[in-house]
Amino acid sequence: MTNVVDNVKNEIKKVVTDAIEKAAASGQLPPVRVNDIIIEKPREKEHGDFSTNIAMQLVREVRKNPRQIAEIIKEHMDIENTYIDRVECAGPGFINFYLTNRWLYDVLKVIHAEKQDYGKINIGRGQKVMVEFVSANPTGPLHMGNARGGALGDCIAGVLEAAGYDVTREFYINDAGNQIEKFGESLEARYLQQLPGGENVEFPEDGYHGEDIIEHAAQYYREYGDKLGDVPSEQRRKALVEYALPKNIEKIRTALESYGITFDVWFSEQSLYDSGEVQDTINYLKEKGYTYEKEGALWFKATDFGAEKDEVLIRNNGVPTYLASDIAYHRNKFVKRGFDRVINLWGADHHGHVARMKSAMKALGIDPDKLEVVLFQLVRLYRNGEIVRMSKRTGKAISLEDLLEEVGRDAARFFFNMKASGSHLDFDLDLAVRQSNENPVYYVQYAHARICSMIRLLGEEGISVPDPEDVDLSLLVQPEEIDLMKKLAELPEEIAISAQTLEPSRLTRYVTDVASCFHSFYNACRVKGEEERLMKARLLLVDCTRTVIKNVLDILSVNAPERM
RNA sequence: GUGCCUGUAGCUCAGCUGGAUAGAGCAACGGACUUCUAAUCCGUUGGCCGGGGGUUCGAAUCCCUCCGGGCACGCCA
């Protein structure tokens, strides 16, 4: 739980703050109040390890040119007993800090000590947060949108856990309402078509046309024959839904499991009706005066809470809308179950729902900021440079199972997290299975396997990873060694930013960078066969690299193979 | 029409709570294995950051406007 970069930045901040105070005391700067000094990592290596733009920020208050201010601050700095080696003023007024390598050696000590916990932080402070994702319609198989949402949601949950949150992964089963009606109608039609003379039974225009519906009906017919041939339609549909729905849900669960996703809670929409929570919620809104009746329907005054238009809660046929149950669902999340924070992952086509739900939160007296919606753009699959819509084999839309079969879990999860959620994502099926440097998953996994292999070979010669106390780390001075250590130092901050922005894509980029630094190091520096003290120092560095790659891949639930 | 997302190298994308000379991967081209995994590395080429205005010491980043792409605007979910 030690963040060396943070410590270094704080040390620099203190040096700068003290210098400003001393300059003020000596009269060279006017007394200024400095709130927060921003320490950043310059893009150019020549600009030092860290820099601050404080001099430029003070221009208005101090009324000197920034370069002058920077020089004054620099002159008053005391860098005795710090990581800072030297300081330079540069450019329009930046103050650049060049550090001794000692801080990097401390990074290795921390990694070696913390092992699988290195990188973890505690900005979450145990706060209860729910991540609700996939929540696919249980009337059919999982599609590419679910696949992206699944990878994203699960990795967001993983990142939040690493950042110290108490995370619950939840799947909302839409087992009530209109689509279940349609599901029933579709099953009924397919079932009746199975019966002798049923060839002419019409299939509902807006029904589910998929093969899976036919298979369910055929299977039911094989098991129970014409048992439902002569019963009222309502009873027939109910029986078929009760037969097929659990099978679908089980298939979804299994597919997600092989995708590396395990939900803590499977929450049934129907249960909100059964428990009376939907009705309670509607009554609550009624009593508060947030509803009105029009044309036989009950409307929610969403416009009173910032939405663009009002919404129907109960249709004129007496059936509550999806919105009604969704409001009840979120009341359940916050009020009944006490989550401090709820994150929902929705496909971008649902973005219109965000304002509605936020307005509903306000009506319920819940801070709408506690509900965060991550919208992700949809996926286009490519094969041979062309867009793929249908599975060649089955002619159906490509399902998650198809994808896993073709590219495997690691590539799927990694690829879906390479782009920011708001970006459109082109998934290149050929690239995902290619075993070469073009494929980022292999690139990272290969680095890990390569390291494991090095450690294994040295182990066979009786050389094990040394303790930092037995190593002269100051021998690590090559540019490739320095770059690699700097990269390893960034992990805690990368996790913090990923957690704050809910963007695991940041971590896939980071771990690719780590792999890249490692490969460069590997080509420039030998470990085995070097003079013993140097070999030990490098072996420790290599082992720390292994730890970092493993820790990141663990958060992403991507395998870190020891051999490839 | 209104609202949201988006436009950066040939391709796919970072950078967007303003900072120094705009980055990465892939593609293209040229190099590196008798040595710990060449599924690797090193180098070169490649840019009116969609256009135009504004804000300021400074804009890919913030504001306005226009253009192009996607999505949403149901008593569907």
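The values are calculated or read from the model by the stated rules, or taken from the named source; none is laboratory data. Remember, predicted model here, so these are calculated numbers, not experimental data. Every residue, glycine among them, receives a Cβ derived from its backbone with ideal geometry; neighbour counts consider all protein chains shown. Note: areas computed on protein heavy atoms with side chains; ligands, DNA, RNA excluded. Shrake-Rupley method; radii C 1.70, N 1.55, O 1.52, S 1.80 Å.
Of the helices (runs of 4 or more DSSP H) that lie entirely inside segment A:312-420, those containing 2 or more residues that are over 21 Å from A:THR168 (Cα atoms) and outside the structural domain of A:GLU257 (by TED's automatic domain parsing) span A:322-331, A:352-363. Only one of the numbered conditions (1) crowded, with 23+ Cβ neighbours inside 10 Å; (2) of a type in the set (A, V, I, L, M); (3) touching a Phe, Trp or Tyr at 6+ places or on another chain (Cβ under 8 Å) is violated by A:ALA163, and that is (3).
For segment A:156-169, give me each residue that is within 16 Å of RNA strand B (Cβ to nearest atom) and either of a type in the set (Ser, Thr, Tyr) or more than 19 Å from A:SER421 (Cα to Cα) (or both).
Selection gives A:ALA163 alone.
The rows are residues; the columns are (1) in contact with a Leu (Cβ under 9 Å, 6 or more places away or on another chain); (2) assigned by TED's automatic domain parsing to the domain that holds A:ILE482; (3) free of Cβ contacts under 8 Å to residues at least 12 places away in the same chain; (4) among the basic types (Lys, Arg).
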residue: A:VAL8; (1), (2), (3), (4): yes, no, no, no
residue: A:VAL16; (1), (2), (3), (4): no, no, no, no
residue: A:GLY27; (1), (2), (3), (4): no, no, yes, no
residue: A:VAL34; (1), (2), (3), (4): yes, no, no, no
residue: A:ILE38; (1), (2), (3), (4): no, no, no, no
residue: A:LYS41; (1), (2), (3), (4): no, no, yes, yes
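Residues in segment A:422-442 that are open to solvent by 10 Å² or more (accessible area, probe 1.4 Å) and either in contact with a strand residue (DSSP E or B) (Cβ under 8 Å, 6 or more places away or on another chain) or outside any helix (DSSP H, G or I) (or both): A:GLY422, A:SER423, A:HIS424, A:ASP426, A:ASP428, A:ASP430, A:ARG434, A:GLN435, A:SER436, A:ASN437, A:GLU438.
Residue check: is A:LYS294 over 30 Å from A:ASP154 (Cβ atoms), touching a residue at least 60 places away in the same chain (Cβ under 8 Å) and surrounded by fewer than 17 Cβ atoms within 10 Å (Cβ to Cβ)?
Judged against the criteria, A:LYS294 is not a match.
Residues that are touching a helix residue (DSSP H, G or I) at 6+ places or on another chain (Cβ under 9 Å) and farther than 17 Å from A:LYS550 by Cα within segment A:110-126 comprise A:ILE123, A:GLY124, listed in sequence order. Here A:ILE123 meets the list (1) within 14 Å of RNA strand B (Cβ to nearest atom); (2) assigned to a loop (DSSP other than H, G, I, E, B); (3) open to solvent by less than 20 Å² (accessible area, probe 1.4 Å) almost entirely, failing just condition (3). With the condition kept exactly as written, say whether any residue in segment A:362-378 is touching a residue at least 60 places away in the same chain (Cβ under 8 Å) and under 13 Å from A:HIS143 (Cβ atoms). Checked segment A:362-378: at least one residue is touching a residue at least 60 places away in the same chain (Cβ under 8 Å) and under 13 Å from A:HIS143 (Cβ atoms). Exactly one residue out of A:ILE111, A:ILE54, A:ILE72, A:ILE95 is within 18 Å of A:GLU490 (Cβ to Cβ) and outside the structural domain of A:PRO466 (by TED's automatic domain parsing), and it is A:ILE111.
Applying the set (1) away from RNA strand B (no atom under 16 Å from the Cβ); (2) not assigned by TED's automatic domain parsing to the domain that holds A:PRO196 to A:PHE267 leaves exactly one unmet item: (1). Looking across segment A:420-454, the residues that are of a type in the set (A, V, I, L, M) and more than 6 Å from RNA strand B (Cβ to nearest atom) come down to A:LEU429, A:LEU431, A:ALA432, A:VAL433, A:VAL441, A:VAL444, A:ALA447, A:ILE451. Set side by side, the residues A:THR291, A:THR321 differ, and just one is under 17 Å from A:ILE180 (Cα atoms) and in contact with a strand residue (DSSP E or B) (Cβ under 8 Å, 6 or more places away or on another chain), which is A:THR321.
Residues that are among the aromatic types (Phe, Trp, Tyr) and over 19 Å from A:GLY289 (Cβ atoms) within segment A:304-345 comprise A:TYR322, A:TYR329, A:PHE334, A:PHE339, listed in sequence order. Against the list (1) within 30 Å of A:VAL514 (Cβ to Cβ); (2) open to solvent by less than 10 Å² (accessible area, probe 1.4 Å); (3) within 23 Å of the chain's Cα centre (by Cα), the condition A:ALA449 fails is (3). Scanning segment A:280-291 for residues being open to solvent by 30 Å² or more (accessible area, probe 1.4 Å) and in contact (Cβ under 8 Å) with a residue 24 or more places away in the chain gives a total of 4. Whenever a residue of segment A:200-213 is loosely packed, with under 12 Cβ neighbours inside 10 Å, its partners that are of a type in the set (Lys, Arg), lying with C-beta atoms within less than 7 angstrom and at least six residues away or across chains, give the pairs A:ASP206/A:LYS182. Of all residues in segment A:489-524, those satisfying the criterion of being farther than 14 Å from A:ARG450 by Cα and more than 15 Å from the chain's Cα centre (by Cα) are A:ALA489, A:GLU490, A:LEU491, A:PRO492, A:GLU493, A:THR512, A:ASP513, A:ALA524.
Residues that are surrounded by 17 or more Cβ atoms within 10 Å (Cβ to Cβ), of a type in the set (A, V, I, L, M, F, W, C) and near RNA strand B (Cβ under 9 Å from one of its atoms): which helices (runs of 4 or more DSSP H) entirely in segment A:455-564 hold 3 or more of them?
Fully inside segment A:455-564 and qualifying: A:505-524, A:532-556.
Check whether at least one residue in segment A:135-153 is assigned to a helix (DSSP H, G or I), in the same structural domain as A:ILE252 (by TED's automatic domain parsing) and farther than 18 Å from A:ASP264 by Cα, and report yes or no. Checked segment A:135-153: no residue is assigned to a helix (DSSP H, G or I), in the same structural domain as A:ILE252 (by TED's automatic domain parsing) and farther than 18 Å from A:ASP264 by Cα.
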